[in-house]
Amino acid sequence: MKQGDIRADIRFIRRVHTWQLVLILLVTGFAAATFARLNNIGMVERRQAVLAADESGDQEALTQRLYDLQRFVSAHMNADPGKIALQHQYARDSEKVKKGAEASTSANSNGNVYAKAAGVCDPIAKRNGWRWPDPRYTQCVDTELSKYPEAKFQDKITPPNLHLYEHTYVSPKWTPDFAGFSLLVCLVILAIIVARGIMLFILSLMLRRRHKKAQV
């Protein structure tokens, strides 16, 4: 390349100043952060709706709110809700298991051993602030059941599996929404700034070498 061509290329690249590109980058970066924040707010609102439905005990509403949250999270970046534990549903189902066991009649000569165990453990739990299905309560019940020779292992009250009441949804790293496209524009502008700097450095280096050769 001739010196005149190199200078022309440098002038062409410098027609757009670096500070102009940086300014555009800041604006698009702010837009991307704003849209990402809105995605997170939308997730929080839907997560709160799930927890409210869990507390109300409306199973149909809870199922619908979980579906709404899952659909929103899967379609928006920066919307990871983390682990959601349906504590109220778990407590209700655990209480059903407990009451069902207490109401049943144990198939041995000791009669309803569940009710007898609850009669001993309930006052202890109340005094210590335990709530079913606290492991300390279940341990107390199991200890009382073991006092009856004919009580078998299956007579023990086993609460539901807690993991079945935990829901985890993962938000994609990038999604084709306002936040995703804003982030994409930021990356493109950043790439242009870097490429522009590299091109100017290379052209300036070539120009200096041409100038040195011309002096020789």
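The values are calculated or read from the model by the stated rules, or taken from the named source; none is laboratory data. Quick caveat: nothing in here was measured; it's all calculated off a predicted structure. Cβ: placed from backbone, ideal geometry, glycine included. Neighbour counts: every protein chain shown.
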For the range 163-209, give me the residue count where each residue is free of Cβ contacts under 8 Å to residues at least 12 places away in the same chain and over 38 Å from the mean Cα position of the chain (by Cα). 6
Could you tell me how many of the residues in the range 40-95 are over 13 Å from the mean Cα position of the chain (by Cα), in contact (Cβ under 8 Å) with a residue 40 or more places away in the chain and not in a helix (DSSP H, G or I)? 1
If I filter the range 56-98 down to residues being surrounded by fewer than 17 Cβ atoms within 10 Å (Cβ to Cβ) and among the polar types (S, T, N, Q), which single residue comes out as nearest to residue 118 (Cα to Cα)? 87
It is to be established whether one or more residues within the range 115-131 are modelled with pLDDT under 80, under 27 Å from residue 54 (Cβ atoms) and in a helix (DSSP H, G or I). yes
Counting just the residues of the range 150-173 that are surrounded by 13 or more Cβ atoms within 10 Å (Cβ to Cβ) and modelled with pLDDT of 90 or more, which one comes out farthest from residue 98 (Cα to Cα)? 172
Assess whether residue 137 counts as being crowded, with 17+ Cβ neighbours inside 10 Å and modelled with pLDDT of 90 or more. no
